[in-house]
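The values are calculated or read from the model by the stated rules, or taken from the named source; none is laboratory data. Here the structure is a predicted model, which is why all the values come from computation and not from measurement. Because the Cβ atoms are built from the backbone with ideal geometry, glycine has one as well, and the counts that use them run over all protein chains shown. Please note that ligands, DNA and RNA were not included when accessible areas were found on the heavy atoms of the full protein model with its side chains. Shrake-Rupley method; radii C 1.70, N 1.55, O 1.52, S 1.80 Å.
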Amino acid sequence: MDDLKAKYLDAIGQAADETALEELRVQAVGKKGEISLKMRELGKMTPEERQVAGPALNALKDEINSALAAKKVALADAALDERLRTEWLDVTLPARDRRVGTVHPISQVWEECTAIFADMGFSVAEGPQIEEDWYNFDALNIPSHHPARAEMDTFYMHRAEGDDRPPHVLRTHTSPVQIRSMQAQGAPIRTISPGRVYRADYDQTHTPMFHQVEGLAIDRDISMANLKWVLEEFFSAYFGRSVKTRFRASHFPFTEPSAEVDIQCSWEGGTVKVGEGDDWLEVLGSGMVHPKVLAAAGVDPEQWQGFAFGMGIDRIAMLKYGIPDLRAFFDSDLRWLRHYGFSALQVPTIRGGI
Ligand code: PHE
């Protein structure tokens, strides 16, 4: 028995893999294994012999079984170590970002605007693209007879005959989000609302769907001076250089006074460069929120005042990244996207894209 024990424990220790180990198990403790055969001989022994040999054989069998189990674990551990060693992967290597596509310039600029305004304390508010007529127009001081409604080339949602609920429209601007935000939060408030807007118009500089970012700041003593500072701060961060603005008196039903804002640019060499030269480019509409608009949104115009602006995201994306045709934004042409798109792994920041 001592010989058997030495033989098998030694062989188990030497076993190179699971197959060799399994062979040893069969040889030793399998049905016709050496130790199993010895156990069968117990029947031929005298009771005295059996009393000694029985427990000894059982102990031997147990010992070999546990040696087999221990070796099995050791082999599995070694195999895992070997796999970990050969399948080692350097997760700090740069990823192949082409594989995960590109970020559309609109999304990129949307994120850049959010980052810059967030840095100035503006939070993001959103509203529905299919908007109630009241939010898109009436609450913004554009009653039904107002010519601004016709000028906006509005898409009206179809209503079944006999359905006399007020109409819904595809929002023509992001200004209705002003109303929804003030209704929800009251004053003081400081929000931007980036989003899609719709107008029935199509040529090189107009698409039926485009993007705006609305700005709204209401407090007790906000003035046009704050508006000018915020916009200049925004454009300087966005274009990465100091950008002058020019305010031109204008008219919007929802602001009083109203101003269209131009940014400084040059057309030298046939391409537009922002932040230099003596030319001006119109980029947004703005003004002090009309008291009627505050009142419509449940904010007391005797106590609160502030500014609002609405800017074209597509427009400022074209300016910053030298994209000549607005329509190409929405053609879903992969070659265009690969050229103008951004790395999906590049997180926009207030200095993003500069
Ligand atoms: N909503 C206006 C437009 O779409 C822009 C604007 C917003 C003007 C806020 C003034 C104040 O043209």
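One residue alone among 332, 286 is hydroxyl-bearing (Ser, Thr, Tyr) and open to solvent by 10 Å² or more (accessible area, probe 1.4 Å), and that residue is 332.
There is no residue in the range 267-282 that is farther than 25 Å from residue 342 by Cβ, surrounded by 15 or more Cβ atoms within 10 Å (Cβ to Cβ) and within 16 Å of the ligand (Cβ to nearest atom).
For residue 115, are the conditions met, namely being of a type in the set (A, V, I, L, M), out of contact with any strand residue (DSSP E or B) (no Cβ under 6 Å at 6 or more places or on another chain) and closer than 30 Å to residue 329 by Cα? Steps first, please.
Values: of a type in the set (A, V, I, L, M): yes; out of contact with any strand residue (DSSP E or B) (no Cβ under 6 Å at 6 or more places or on another chain): yes; closer than 30 Å to residue 329 by Cα: yes.
Considered against the rule, which asks whether it is of a type in the set (A, V, I, L, M), out of contact with any strand residue (DSSP E or B) (no Cβ under 6 Å at 6 or more places or on another chain) and closer than 30 Å to residue 329 by Cα, residue 115 comes out as yes.
In the range 58-91, which residue that is among the acidic types (Asp, Glu) and not in a helix (DSSP H, G or I) is most open to solvent (accessible area, probe 1.4 Å)? Within the range 58-91, the match that is most open to solvent (accessible area, probe 1.4 Å) is 87.
Of all residues assigned to the range 243-253, at least one qualifies as being open to solvent by less than 10 Å² (accessible area, probe 1.4 Å) and in contact (Cβ under 8 Å) with a residue 24 or more places away in the chain.
So, in the range 162-190, exactly how many residues are more than 12 Å from the ligand (Cβ to nearest atom) and under 26 Å from the mean Cα position of the chain (by Cα)? Step through it out loud before you land on a result.
Going residue by residue through the range 162-190, those that are more than 12 Å from the ligand (Cβ to nearest atom) are 162-170, 180-190.
From what is left, the residues that are under 26 Å from the mean Cα position of the chain (by Cα) are 170, 180-181, 184-185, 189-190.
Qualifying residue count, the range 162-190: 7.
Considering only residues in the range 302-327 that are farther than 30 Å from residue 337 by Cβ and surrounded by 14 or more Cβ atoms within 10 Å (Cβ to Cβ), the one that is nearest to the ligand (Cβ to nearest atom) turns out to be 308.
Per-residue answers, yes or no, for (1) within 28 Å of residue 198 (Cβ to Cβ); (2) under 30 Å from the mean Cα position of the chain (by Cα); (3) outside the structural domain of residue 217 (by TED's automatic domain parsing):
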position: 267; (1), (2), (3): no, no, no
position: 271; (1), (2), (3): no, no, no
position: 275; (1), (2), (3): no, no, no
position: 298; (1), (2), (3): yes, no, no
position: 301; (1), (2), (3): no, no, no
position: 309; (1), (2), (3): yes, yes, no
position: 314; (1), (2), (3): yes, yes, no
position: 319; (1), (2), (3): yes, yes, no
position: 322; (1), (2), (3): yes, yes, no
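So that you can scan it fast, the table gives a plain yes or no per residue for (1) touching a residue at least 40 places away in the same chain (Cβ under 8 Å); (2) in contact with a strand residue (DSSP E or B) (Cβ under 8 Å, 6 or more places away or on another chain); (3) among the charged types (D, E, K, R); (4) within 13 Å of the ligand (Cβ to nearest atom):
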position	(1), (2), (3), (4)
198	yes, yes, no, yes
209	yes, yes, no, no
212	yes, yes, no, yes
215	yes, yes, no, yes
219	yes, yes, yes, no
225	no, no, no, no
228	no, yes, yes, no
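Residues are listed down the side, and each one gets a yes or a no for (1) open to solvent by 100 Å² or more (accessible area, probe 1.4 Å); (2) more than 60 Å from the chain's Cα centre (by Cα); (3) more than 30 Å from residue 323 (Cα to Cα); (4) among the hydrophobic types (A, V, I, L, M, F, W, C):
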| residue | (1), (2), (3), (4) |
| --- | --- |
| 20 | no, no, yes, yes |
| 24 | no, no, yes, yes |
| 28 | no, yes, yes, yes |
| 33 | no, yes, yes, no |
| 40 | yes, yes, yes, no |
| 56 | no, yes, yes, yes |
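Need at least 2 residues that are closer than 18 Å to residue 179 by Cβ per element, so show me which helices (runs of 4 or more DSSP H) inside the range 289-341 make the cut, counting only ones lying wholly within it.
In the range 289-341, 291-296 are the helices (runs of 4 or more DSSP H) which contain 2 or more residues that are closer than 18 Å to residue 179 by Cβ.
I need the full set of residues from the range 190-203 which are open to solvent by 70 Å² or more (accessible area, probe 1.4 Å) and at pLDDT 95 or above, in order please. Selection gives 190, 196. Just one of the listed residues (162, 186) is touching a residue at least 24 places away in the same chain (Cβ under 8 Å), among the small types (Gly, Ala, Ser), over 20 Å from residue 283 (Cβ atoms) and out of contact with any Pro (no Cβ under 6 Å at 6 or more places or on another chain), and it is 186. Within the range 72-87, residues that are within 23 Å of residue 24 (Cβ to Cβ) reach partners that are not in a helix (DSSP H, G or I) with beta carbons closer than 7 Å, at six or more positions or on different chains, in the pairs 75/17.
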